[in-house]
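The values are calculated or read from the model by the stated rules, or taken from the named source; none is laboratory data. Since the structure is predicted, the reported quantities are computational estimates derived from the model, not experimental observations. Virtual Cβ from ideal backbone geometry, glycine too; neighbours counted across all protein chains shown.
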Amino acid sequence: MQQQLFPLIRQAVFQNLNGYVSSSAILEHMEEYIVPPGLGPQAGLYGALALGLAAWNNQAFI
């Protein structure tokens, strides 16, 4: 995981918001909103498995 990228990502998000969001709860605490995934490097794998299982469980069998 590239921890050094998070400050750059937060800065880019702040610039892209371009004043559209004026909530101090977000603007002053962006480090609480843009964070590394809680599952670490396995987040993508687990997310893909969860989506696959959800699709499997919702498919209609004829």
Checklist outcome for this item: A careful count of residues in region 25-59 that are closer than 26 Å to GLN3 by Cβ and in a helix (DSSP H, G or I) gives 17
Checklist entry - Which residues, counting only those in region 2-47, are on the phi > 0 side of the Ramachandran plot and within 15 Å of the chain's Cα centre (by Cα)? => result GLY40
Next on the checklist: Among (1) surrounded by 10 or more Cβ atoms within 10 Å (Cβ to Cβ); (2) β-branched (Val, Ile, Thr); (3) part of a loop (DSSP other than H, G, I, E, B); (4) at pLDDT below 90, there is one condition ILE62 misses while meeting the rest; what is its number?
Outcome noted: (1)
Checklist outcome for this item: Restricting attention to region 1-24, the residues that are loosely packed, with under 10 Cβ neighbours inside 10 Å and either modelled with pLDDT under 90 or in a loop (DSSP other than H, G, I, E, B) (or both) number exactly 8
